[in-house]
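These notes are about the structure you will find just below.
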Amino acid sequence: MDILRFATAGSVDDGKSTLIGRLLFDSKAIFEDQLASVERTSRDRGEEGTNLALLTDGLRAEREQGITIDVAYRYFATPRRKFIIADTPGHIQYTRNMVTGASTADLAIILVDARNGLTEQSRRHAFLTTLLRVPHLVLAVNKMDLVGYDQRVFEEICAEFSKFATKLEVQDLTFIPISALNGDNVVDRSANIASDRNLIDVRFPVQYVIRPHASSDPELHDYRGYAGQVAGGVLKPGDEVLHMPSGFSTRIKRIELAGQEVEEAFPPMSVTLLLDDDVDISRGDLICRPNNRPSAAQDIEGMVCWMSADRPLAPRSRLVVKHTTRTVKAIVTDLHYRIDVNTLHRDENATQLGLNEIGRVRLRLTQPVFADPYSRNRLTGGMILIDEATNTTVGTVMITEAH
């Protein structure tokens, strides 16, 4: 079955958790004891009816404050498709959590409160989803019941967002009026969503080299497998592949998935490759096609979403970069500009990026990484920035150029 990953985004109190709760409830994807617990909690809090947002807000602080803090993942399936939902927080201080939840999504639902229209956080989340190359975007105008299902309100919000979206790289945009509380336009037959994974450019970052050294089993005595997750393309036994950084080429002898041979591997499968020749391959290396290679780059240009409140990002900042399975050190050589998420104006006089701010930077790495532009491949085109001292994630990078 096909899998659709989607994330909710938008400003605080726009109804993201309620939408997912309604979706799970109406699609009969929750257990009776879960529903009974939510009904009991809603009753104890003196609320009218059942608060379906409690199905995703699992932390005590979330239930007490009525907000989403961490990303909550929920799963359900229909006869045609499996779904993985990421309920992301709306508060500005938890923007980093929203980026995490949307980074693997195939579709993003930006919720807007029909009473309030577009807010700064709505625009920020919409901009971030396009930076993260989420291919499908749905603007869900929620709480239509509170404006009397006024079509004019819906059309005004759509027009405002359409004007804003002309400045973004939006591949597919849909507008839907809903009432998550009442279930209007929530569970309905939807159009098929095509696969947006890159099945052309073969990219296989090596995560681990498997050497059992089992002398008692002749089959395993000389076993050498390369484990990892396929980041792009389709791999089959007999295919000619090239190892980076050495440049040596060989062929795939067989592909294993959970100990069983398979005829092909494609994103996002995690498999083990066995090759015809013994090539010196280790973690952080990459397997690709001989005539279709990523850039082996030490100079990276990219868009950064800064996530640290403790320190700003500025020129000469030293960081650790994690790219696929390779980890290297880096220094920020240039901060080209900071973006105003309301107007998308580029402030070229900016000297640093603070918490939740977005800008374009240039990084110099101590060792090359094998990278593609983020617009071509979200896995080989994305990087995580890590604080050297605390080992905490402080930013994400969407690569625009790599040389």
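Tabulated results
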quantity	calculated
Residues whose placed amide H lies under 5 Å from that of ALA350, excluding near-sequence neighbours	ARG338
222 nm mean residue ellipticity, helices alone, for the chain (DSSP H n ≥ 4; -39,500 (n - 2.57); rounded to 500)	-5000 deg cm²/dmol
Of the GluC sites (Glu not before Pro) in segment 103-211, those whose Cβ has at most 14 other Cβ within 10 Å and which sit in DSSP loop	GLU169
Accessible surface, 1.4 Å probe, highest first, among residues TYR149, TYR374, TYR73	TYR149, TYR73, TYR374
Net +/- balance of residues flanking ALA330 in space, Cβ distance below 11 Å, scoring K and R +1, D and E -1	+3
Separation between Cα centres of segment 271-343 and segment 362-378, rounded to whole Å	4
Cut-off 18 Å, label 7 Å out along Cα→Cβ of VAL12, residues of segment 98-123 by amide N	98-99, 111-123
Solvent exposure ordering (accessible area, 1.4 Å, most first) of ILE200, ILE30	ILE200, ILE30
Global form of segment 247-378, assessed from the alpha-carbon gyration tensor, a/c cut-off 1.5	prolate
Cut-off 19 Å (backbone N to label point 7 Å along Cα→Cβ of ARG81), residues of segment 108-138	108-111, 130, 133-138
Length released on extending from ARG152 to ASN292, taking residue separation times 0.36 nm less the Cα-Cα span	45.3 nm
In segment 327-389, the GluC sites (Glu not before Pro) that fall in loop regions by DSSP, at most 13 other Cβ within 10 Å	GLU348, GLU388
Candidates per GluC sites (Glu not before Pro) in segment 260-291, loop by DSSP, up to 11 other Cβ within 10 Å	GLU263
Heavy-atom accessible area order for ARG251, ARG124, largest first, 1.4 Å probe	ARG251, ARG124
Label assignment, semi-axes √(5λ) of the Cα gyration tensor in Å derived from the structure, set (1) 37, 23, 20; (2) 40, 27, 19; (3) 73, 23, 16	(2)
Using θ = phi - 60° and Karplus 6.51 cos²θ - 1.76 cosθ + 1.60, couplings along segment 112-127 (whole Hz; Gly, Pro as x)	10, 6, 4, 6, 9, x, 5, 10, 4, 5, 4, 5, 4, 5, 5, 5
DSSP-defined beta bridges in the chain - what % are antiparallel, rounded to 5	75
Derived scalar couplings ³J(HN,Hα) [segment 393-403; Karplus, 6.51 cos²θ - 1.76 cosθ + 1.60; whole Hz; x for Gly, Pro]	6, 10, x, 10, 10, 9, 6, 9, 9, 9, 9
Accessible area (Å², 1.4 Å probe, nearest 10) - LEU111	0
Two-site FRET efficiency, HIS345 against THR390, from Cβ-Cβ distance with R₀ of 35 Å, rounded to 0.05	0.60
Whole-Hz ³J(HN,Hα) from phi, Karplus 6.51 cos²θ - 1.76 cosθ + 1.60, for segment 4-14, glycine and proline x	10, 9, 9, 10, 9, 8, x, 6, 5, 6, 7
Extension gain from GLN352 to ALA159, taking 0.36 nm per residue of separation minus the Cα-Cα distance	66.1 nm
Rounded to 10°, Cα long-axis angle of helix 16-26 versus longest principal axis of the chain	90
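The values are calculated or read from the model by the stated rules, or taken from the named source; none is laboratory data. The model shown is predicted, which means the values in this text are computed figures rather than measured ones. Glycine also receives a Cβ, built like all others from the backbone with ideal geometry; neighbour counts cover every protein chain displayed. What goes into the accessible areas is simple: the full protein's heavy atoms, side chains included, and nothing from ligands, DNA or RNA. Shrake-Rupley method; radii C 1.70, N 1.55, O 1.52, S 1.80 Å.
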